[in-house]
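The values are calculated or read from the model by the stated rules, or taken from the named source; none is laboratory data. Note that the coordinates shown come from a computational prediction; the quantities given were computed from them, not determined experimentally. Here the Cβ is made from the backbone with ideal geometry for all residues, glycine too, and neighbour counts use every protein chain on show.
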Amino acid sequence: IANCMRGRLVLEKGELVLGGINEYSQSLIHAKKITLLGCGTSWHAGLVAEYLFEDICRIPVEVEYASEFRYRNPIINEGDVFIAISQSGETADTLAAIELAKSKGAIVFGVVNVVGSSIARETHEGAYLHAGPEIGVASTKAFTAQVTVLSMIAIKMGLLRGTISQSQFQLLISELNQIPKKVATALKNNDQIEALAEIYKDAQNFLYLGRGNNFPVALEGALKLKEISYIHAEGYPAAEMKHGPIALIDEDMPVVFIATQDDSYEKIVSNIQEVKSRKGKVIAIVTEGDILASSMADYSIEIPKSHYVVTPLLSVIPLQLLSYHIALKRGCNVDQPRNLAKSVTV
Ligand code: F1P
């Protein structure tokens, strides 16, 4: 799935080999806390990983906007473990945060797409994504690859730390192995999503809601729409809706729910009900075969059933496609959105 800086991070005959993390692997395995650093989409990938490291490895995690990190007086101790996430490997804020962490004696791993980039060189060790070049400015496949690699690291660490059993490890590996096929299935809804984009291309605002590890996916869906179609969009944890965003809901407000069938499904269904009772328009990303959430939503888009650990790899796809089609229909340049740089180097 992914190659590494020194060696490879691969699934080999069902075994997960963390080749790019060698010399410093013990720091990672025995970390008492992990701090994830990134900007934009990479920060969202870090937020997904927070759920996985905490759940699978039982390690406390902080996810920091690299752009804000150095403007605080962050507490960094010798030997602390950081993972810096970046598509380009050149983001100046992320580089500055890495330098600050290293200057205090922290060990910094990189999860980077561009081979030989500054962040790849500045970090102690890490994994390359090898997602291929992002042709456009807005990260899409890099997000999927970042979440994949971070999931692989979390799953392997869970096994090494003894926080998951061998059979749970095998189950998660098998779930990861099925992802490419399921992504292909999710992409088959492209025409349906394009038709939906036609309906909502003139919306002024969008709300994206999700729970658990799909909350960061809601943030990412909102960011993609903002970046390439210039529509104002907000992402929230669905439970946060009643603490403010609910005031925005009326018949003109499309609300995108990630309503897959995991532990929070019932709660999401009741959130959908709350939006419907205020006449909001609901677009729900649902597990294939779903009846309840899809019958309540105005429109539903199915994704294949999967273990909740890997669901973000699938749930983000319809959101990326929706942004893409809306942007095209609004005449926006999806590869070169206004005001955005491929790598923010200042
Ligand atoms: C971070 C980022 C991207 C965003 C845009 C600006 O870049 O915020 O997520 O799509 O390109 O930069 P990176 O550190 O992941 O390269």
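Quick notes
- Of all the listed residues (Ser306, Ser295, Ser300, Ser270), the sole one being of a type in the set (Gly, Ala, Ser), at pLDDT 95 or above and touching a strand residue (DSSP E or B) at 6+ places or on another chain (Cβ under 6 Å) is Ser300.
- Subset of the stretch 214-239 [touching a residue at least 24 places away in the same chain (Cβ under 8 Å) and of a type in the set (D, E, K, R)]: Glu220, Lys224, Glu227, Glu234
- Evaluation of Arg338 against (1) over 22 Å from Leu187 (Cα atoms); (2) surrounded by 17 or more Cβ atoms within 10 Å (Cβ to Cβ) (one fails), failing number: (2)
- Matching residues in the stretch 187-198 - criterion: being touching an Asp or Glu at 6+ places or on another chain (Cβ under 9 Å) and either of a type in the set (Val, Ile, Thr) or crowded, with 24+ Cβ neighbours inside 10 Å (or both): none
- For the residues Ser306, Ser343, the requirement of being within 16 Å of the ligand (Cβ to nearest atom) and under 28 Å from Gln146 (Cα atoms) singles out Ser343.
- When residues in the stretch 115-132 are screened for being within 12 Å of the ligand (Cβ to nearest atom) and over 19 Å from Met152 (Cα atoms), 3 of them pass.
- Those residues of the stretch 317-335 which are loosely packed, with under 14 Cβ neighbours inside 10 Å, within 12 Å of the ligand (Cβ to nearest atom) and polar (S, T, N, Q), in sequence order: none
- Filter pass, Thr144 being more than 16 Å from the ligand (Cβ to nearest atom) and in contact (Cβ under 8 Å) with a residue 12 or more places away in the chain: no
- Qualifying residue in the stretch 66-77 (condition: in contact (Cβ under 8 Å) with a residue 40 or more places away in the chain and within 11 Å of the ligand (Cβ to nearest atom)): no
- Of the residues making up the stretch 83-110, those that are near the ligand (Cβ under 10 Å from one of its atoms) and not acidic (Asp, Glu) number 10.
- Count of residues meeting criterion [more than 10 Å from the ligand (Cβ to nearest atom) and either assigned to a strand (DSSP E or B) or surrounded by fewer than 24 Cβ atoms within 10 Å (Cβ to Cβ) (or both)] in the stretch 31-51: 9
- Screening the candidates Glu234, Glu227, Glu175 for the property of being among the acidic types (Asp, Glu), under 18 Å from the mean Cα position of the chain (by Cα), farther than 20 Å from Lys305 by Cα and more than 16 Å from the ligand (Cβ to nearest atom) yields one hit, Glu234.
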